[in-house]
1. Given the options SER186, SER41, SER150, state which has the largest fluctuation in a GNM of the chain using a 10 Å cut-off (strictly under) for Cα springs.
2. Using R₀ = 22 Å, calculate the FRET efficiency as 1/(1 + (r/R₀)^6) where r is the Cβ-Cβ separation of GLU157 and HIS215; round to 0.05.
3. Quickly estimate the mean residue ellipticity at 222 nm for the chain, helices only: each DSSP H run with n ≥ 4 gives -39500 (n - 2.57), and the total goes over all residues, rounded to 500.
4. Long-range amide H contacts for GLY109: which residues qualify at under 5 Å (H placed 1.01 Å from N, peptide plane, sequence gap of 5 or more or a different chain)?
5. Please grab the % of Cα pairs in the stretch 117-181 that end up more than 17 Å from each other.
6. Just to check I understand the Karplus step: with θ = phi - 60° and J = 6.51 cos²θ - 1.76 cosθ + 1.60, what whole-Hz values come out for the stretch 108-116, glycine and proline as x?
7. Springs between alpha-carbon atoms under 10 Å, Gaussian network over the chain: tell me which of ARG223, ARG102, ARG92 tops the mean-square fluctuations.
8. For the chain, with only Lys/Arg (+1) and Asp/Glu (-1) charged at the beta-carbon, what is the dipole magnitude about the Cα centre, in debye rounded to 20?
Amino acid sequence: MVALHRGGWRHFHIINCRGHRFIGNGLGQDTGDVSIDVYQSAGDYLASGNDGMTIHMHGNGQDQIGQIHKRGTTVVHGDVGQCYGYGAKGGRLFILGNAAGRPMINSVGGPKLVVNGTALDYLAESFMAGDPLDKENPGGFVIINGIEFSAKGEITELETPYPGGNLFSLSSGGAIYVRDPYRRLSSSQLNGGEFVDLAEEDWVLVEDMLVENQHHFGIPLARLLTVDGELRAPAEVYRKIIPLKNKALSVETAWAGKHE
């Protein structure tokens, strides 16, 4: 692929994958004119270091997908493995299904992720992605929709939008927006985060990503805002979580004091 790219190729369809690793790696900087469609089952490190490409994984992905993701768009039409978006710095990422443990760990800058299913423990651990509402240097965020599809293809809510713990563990920036109209996510599942009111400015960011999410997966934005057959206001459906910076600092302070 690297050799073909150097030869002028810009659109790739990679078929019959059987765990092949490093697809989309090594193509260099400023690859906004490159598109890659991957079929069957890609291996680890798909789209790692993406610097502008549009990559679609038509199926499930494995571990370390989107590591140090810088720019561009990565779309997974299935589930992903461990450490999705590890150290991501930017770009737009979408997952149709679920993510395993520690997605978006150590992410910085302004990466944006939509998980239509849910994730396991330690989502956005050590997230350092600034403030999404900062006008001059907007930070990153994660959206969890907490949905699945029935055998008939109908959208249904998961029992809980996030079943694990340590949500936002030791984070210092960014935000998590959770579709949780029944308020099933509890403060006991947070480790370094707190619930705050969803502002209109927040919804502008979330809506933009959910419109693109609809384009990729056909999940209607109106359906996500519908609860018990009734169209609801965004603040009634989505909840915002921000990091408790002072809590993260208190851990460092305690450690330093213990070792003086």
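What follows is calculated from the coordinates using simple rules that are stated; it is not laboratory data. Since the model is a prediction, treat every value here as computed from it, not as a measurement. Note that we place each Cβ from the backbone using ideal geometry, even for glycine, and neighbour counts take in every protein chain shown.
1. SER150
2. On the way: r = 22 Å, r/R0 = 1.01.
It comes out at approximately 0.50.
3. -5000 deg cm²/dmol
4. The list, which skips near neighbours in sequence, is GLY130.
5. Details: 1009 of 2080 pairs.
Cα-Cα pairs in the stretch 117-181 separated by more than 17 Å: 49 percent.
6. With coefficients 6.51, -1.76 and 1.60, one gets 9, x, x, x, 10, 10, 10, 10, 6 Hz.
7. Fluctuation is largest for ARG223.
8. Values: 22 positive and 30 negative charges, 133 e Å.
Once rounded to the nearest 20, the dipole reads 640 debye.
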